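Got a structure here, written out as structure tokens. Questions coming.
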Amino acid sequence: MLKKIVLIVSILMINGLYAVETDSTTGLIVDNGLGDIKENCTVCHTGRFIVVNGGDKKFWKQKINIMQKAYGLWKIEPEQEERMLNYLSKNYSQKVNVSIDE
Ligand code: HEC
């Protein structure tokens, strides 16, 4: 019995440690670079476009280029772009299917 309780408590603690925190306004994962994403991406659209997409730095660099060429995203300083690329490729490296009702 005690063993079971210890096991359950440990699982809960581990879960707590690894649970990803998401930002309440954008729904995006809270991590270094989210501030830059909020300044430059989610001003135009929801974070959903980011959540459903996914790839490495090259992939995200292409997306940023598309935003700039086609949709009017302004010029971004290289250090800021680097922070966003790190954030995106770390937290959104895979495409994910999410339901549309949100
Ligand atoms: C000036 C406005 C604007 C900004 C800023 C902007 N976007 Fe977009 N984005 C758009 C528009 C418009 C669409 C197309 C919406 C549609 O297809 O209905 C789009 C679509 C997307 C898509 C889905 C389409 C695709 O090619 O996969 C992704 C991913 C995306 N944006 C990522 C980003 C990221 C990352 C940033 C920040 C670096 C960003 N956007 C900043 C306007 C913007």
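The values are calculated or read from the model by the stated rules, or taken from the named source; none is laboratory data. All values reported here derive from a predicted model rather than from experimental measurement. No Cβ is skipped: glycine too gets one built from the backbone with ideal geometry, and neighbour counts run over all protein chains shown.
Taking the residues in segment 49-58 that are more than 7 Å from the ligand (Cβ to nearest atom) and buried (at least 16 other Cβ atoms within 10 Å of the Cβ) as candidates, determine which candidate is nearest to residue 27 (Cα to Cα).
Only one residue tops the list, namely 51.
Taking the residues in segment 16-43 that are outside any loop (DSSP other than H, G, I, E, B) and among the small types (Gly, Ala, Ser) as candidates, determine which candidate is farthest from the ligand (Cβ to nearest atom).
16
Report every pair of residues separated by at least 6 positions or lying on different chains whose Cβ atoms are under 6 Å apart, first residue within segment 75-89 and touching a residue at least 40 places away in the same chain (Cβ under 8 Å), second hydrophobic (A, V, I, L, M, F, W, C) and surrounded by 14 or more Cβ atoms within 10 Å (Cβ to Cβ).
84/37; 88/60
To continue, here is another question. Within segment 44-58, can you find the residues that are without any contact (Cβ under 8 Å) to a residue 40 or more places away in the chain and either part of a loop (DSSP other than H, G, I, E, B) or more than 17 Å from the chain's Cα centre (by Cα) (or both)?
Selection gives 44, 45, 46, 47, 56.
Quick check on segment 67-78. Is at least one of its residues within 10 Å of the ligand (Cβ to nearest atom), of a type in the set (Val, Ile, Thr) and either buried (at least 16 other Cβ atoms within 10 Å of the Cβ) or in a helix (DSSP H, G or I) (or both)?
The answer is yes, given that some residue of segment 67-78 is within 10 Å of the ligand (Cβ to nearest atom), of a type in the set (Val, Ile, Thr) and either buried (at least 16 other Cβ atoms within 10 Å of the Cβ) or in a helix (DSSP H, G or I) (or both).
Output the number of the condition that residue 61 fails; it satisfies all remaining conditions of (1) of a type outside the set (Ser, Thr, Tyr); (2) within 13 Å of the ligand (Cβ to nearest atom); (3) assigned to a loop (DSSP other than H, G, I, E, B); (4) modelled with pLDDT of 95 or more.
Result: residue 61 fails condition (3) only.
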